[in-house]
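To start, the structure under review is shown below, and the notes come after it.
Here, each number is a calculation from the coordinates, and none is a lab measurement. All of these numbers come straight from a predicted model, not from anything done at the bench. Note that we place each Cβ from the backbone using ideal geometry, even for glycine, and neighbour counts take in every protein chain shown.
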Amino acid sequence: MKPILFLLTVLIPLTAGAEPASQVAWTPAVLNRVKSGDANKGRELAESCKSCHGDQGQGVAEVNVDDDILPAIPALAGQVATYTYKQLRDYDAGSRSDGSMTLVAKGLSEQDAADLAAWFASLPPPRDKQADMKFARAEKLVEDGDGKRILPPCFVCHGAQGQGEKMDIPALAGQQADYFVRTLNAYKNGQRHNDIYSRMRLIARQLSADEIKELAGYYRQLK
Ligand code: HEC
Ligand code: HEC
């Protein structure tokens, strides 16, 4: 465990002094708002999310909205509530942007975001039906990282089952693989920059295209 802690202490100061990546600060008031999110209200609001994110919030590999083919849409079901809340607030503030989600989030209040986050957190996480496959290189990155590249293992943050962790660390298990690849590439080229302390940008920059693809496959089938 020691080298891992060392890597994490090296990573964080590297990013000190940069522009704030997000306007969300985990004050007791914000945490309380998310914690007391009303899942029933969230379920009603979530009717409008189904056309893209799927009936059960499971995400979709490809979706046709008004004859526009959108690329893979992420799963929201079973996601850590504080993470979902943060992403909705980040889209609203412009810290993260997307043609569809910026518009959606601008129509939501902070309370709506908390209610939606509570609803999606209450749904069972997505499960891939495909048989278990072997992803040896991905498994090594997830479990051991790579000391030569100052790459901490994914599990120290995302959890051994890819279940995510408070406050802002997302669950990855069952996530749509094409979305996973797209968003890691977006961290890599800086298009996505709402990760506090650049934690994911620093990591994504060190991953090759093949590694990203394999990690996406690994997490997709993780239960
Ligand atoms: C028109 C399609 C569309 C609709 C409707 C839509 N979304 Fe999205 N959503 C997307 C796309 C596409 C992305 C991925 C965007 C990106 O890469 O930043 C996304 C991403 C997200 C994310 C970030 C997920 C992650 O893992 O980081 C959250 C949270 C989210 N949507 C919540 C919602 C909620 C809540 C609603 C309903 C109130 C909703 N969305 C409605 C298309 C949509
Ligand atoms: C130091 C902690 C840390 C480590 C180690 C880490 N992550 Fe992350 N990861 C985060 C945080 C925090 C976020 C969310 C940041 C934000 O708000 O955008 C994130 C987001 C992600 C996302 C976006 C998920 C989504 O739904 O949009 C993916 C994919 C991801 N990480 C993959 C990985 C992989 C693969 C590894 C290992 C190679 C890894 N992470 C290692 C902290 C970490």
Fill in: Distant-in-sequence amide H partners of residue 146 (H built 1.01 Å from N, under 5 Å)
151
Worksheet, complete the sentence: Here FRET efficiency (C-beta to C-beta, residue 67 to residue 102, R₀ 22 Å, nearest 0.05) is 0.60
Fill in: Hydrodynamic radius (Kirkwood) for segment 32-121, which is based on Cα pairs only, to one decimal in Å
13.0
Item to complete: Please build a GNM for the chain, connecting alpha carbons under 10 Å apart, and tell me which residue among 25, 177, 75 fluctuates the most.
Response: 25
Worksheet, complete the sentence: Over 27 Å (Cα to Cα) among 148/223; 35/223; 35/213; 140/223; 148/188; 166/223 -> 148/223; 35/213
Discussion item. Less than 17 Å apart at the alpha-carbon level, and either on another chain or at least 8 residues along: which lysines does that give for residue 50?
Written reply: 41
Worksheet item: How large are Rg and Dmax for the chain when only the alpha carbon atoms are used, in Å?
Response: 17.1, 53
Worksheet entry | 3J(HN,Hα) from dihedral phi, segment 158-171, Karplus parametrisation 6.51/-1.76/1.60, rounded to Hz, x for glycine, proline | 7, x, 5, 9, x, 8, x, 7, 4, 8, 10, 9, x, 5
Response to the item:
Rg (one decimal) and Dmax (whole number) from the Cα set of segment 127-221, in Å, equal 12.5, 37
Worksheet entry | segment 43-104 and segment 153-188: distance between their alpha carbon centers, rounded to Å | 16
